Every structure is written in structure tokens, then in C-alpha cells.
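Working notes, beginning with the structure itself.
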Amino acid sequence: MKIIKTQIKGLLVFKGEKFNDNRGYFREILIEKTVKRKFKFNVVSVSKKNVIRGLHLQKVEPQAKFISVVKGKIIDVVVDIRKNSRTYGKHFKIVLSDKNCTSLYIPEGFAHGFGGLEKENIVVYSCTNYRHKKGERGIRWNDKNLKINWNIKKPIISSKDKKNIPFEQFK
């Protein structure tokens, strides 16, 4: 597994490997010793094409996340919300898919979202903390100040995410 540092401190891209044979394939997704973190909480998300989820964060009991796609392809987006970071308010985006075997490690202090690019997209999240419902917050996926190009023409947004606040209001 190859680890690639990004321009945002602590945000890491993991390039995995897929081992194919006549039965199918085998793929390593997460090896804790490479991230040096314990992951307590694992969830799966299934999304259709053009679904955008996010931008989500945990204000109380923040979570680091390890994001992998086991079926499909997504545009994964994070926004640095660490107030003392030199990249505060900057975003990073990357395509994750079952074919490119790429995963993303997101440390605490980021808002996270993704958009489905194929008919069915199955995303696995490994999180360092449990979900804290009262601590959940959201920033608008299409905030004009963040200038994120999702490359999705007709986005499908949940009613909850439509109520997310602008980044300026979050600050």
C-alpha cells in the first residue's frame, strides 16, 4: 500500500492494490498500523448516481475517517475547518473507486462529503469516534465561497443537507 501526502497537512491518499484471479479479487483497504489510529466505528453508505452527501462534520467528539469505495466511483471532497491551519477553508477533492483502489484518510477537523458518479456507489467509512447526533453539523455542498466543482449536473440532495449552513456562518 502506497501512502501519498497531500498539500493539506494530515490528509493522506492511500493507493491500494487489487489481486485478481478467476474467482474475483482480493483487496486490502485499511491497515491500522499504516495510519497509526484506532477505528471504533465502521459504516457503509449506498448512493445512486448524482447523489451528493455533505459536507458533514462532528463538532462534538470529532472523527478522523478512512474512506474507501468497494463498488462504484465517487468524487470525495473535504474542507479544512481547523481554525489555526494554513489551509483553513481550502478544499481537496479526489476520485475514489473500486477500480483505482484509492482510499482517503481524513484527520479530525475537516468537513466531508462525496458525490456518486456511477449507478450504484458503495462507500465504507472507518471512523475513530462514534457518531454524536447532537454534535453533527453541515456546511452547504454548493457554498459559493468554497468554489467546489462537483462535476455533477443534476445533484440529488437530502432535505437535511439542503438545510446546511454557509461556510461564512460556520466560521
query = Got a sec? How would K49, K18 order by Cβ neighbour count within 10 Å, fewest to most?
reply = K18, K49
task = Between V70 and K36, with labels modelled 7 Å along Cα→Cβ, what's the label distance in nm to one decimal, could you check?
result = 2.9
note = Under a Gaussian network model of the chain whose springs join Cα atoms within less than 10 Å, the largest fluctuation of R23, R137, R37 belongs to R23
ask   = Taking the chain as a Gaussian network, Cα atoms linked when under 10 Å apart, which of L57, L11, L96 shows the biggest mean-square fluctuation?
value = L11
Estimated distance in nm for a label pair at I165 and K49, the labels positioned 7 Å out from Cα along Cα-to-Cβ = 3.6
query = Dipole of the chain (Lys/Arg Cβ +1, Asp/Glu Cβ -1, origin at the Cα centre): which of I31, S85, Y125 lies farthest to the positive side?
reply = S85
task = Report the percentage of all Cα-Cα pairs in the chain whose separation exceeds 22 Å, rounded to a whole percent.
result = 42
note = Here region 16-31 yields Karplus 3J(HN,Hα) values (6.51, -1.76, 1.60; θ = phi - 60°; whole Hz; Gly and Pro given as x) of x, 9, 10, 10, 9, 8, 5, 8, x, 8, 10, 9, 7, 9, 9, 10
inquiry  = Which one, T102, T128, T34, has the greatest fluctuation when you compute a Gaussian network model over the chain with C-alpha springs under 10 angstrom?
reply    = T34
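None of the figures in this text is laboratory data; all of them are computed from the coordinates on show. The structure displayed is predicted, hence computed values, not measured ones. Every residue, glycine as well, gets a Cβ built from its backbone with ideal geometry; the counts of neighbours run over all protein chains shown.
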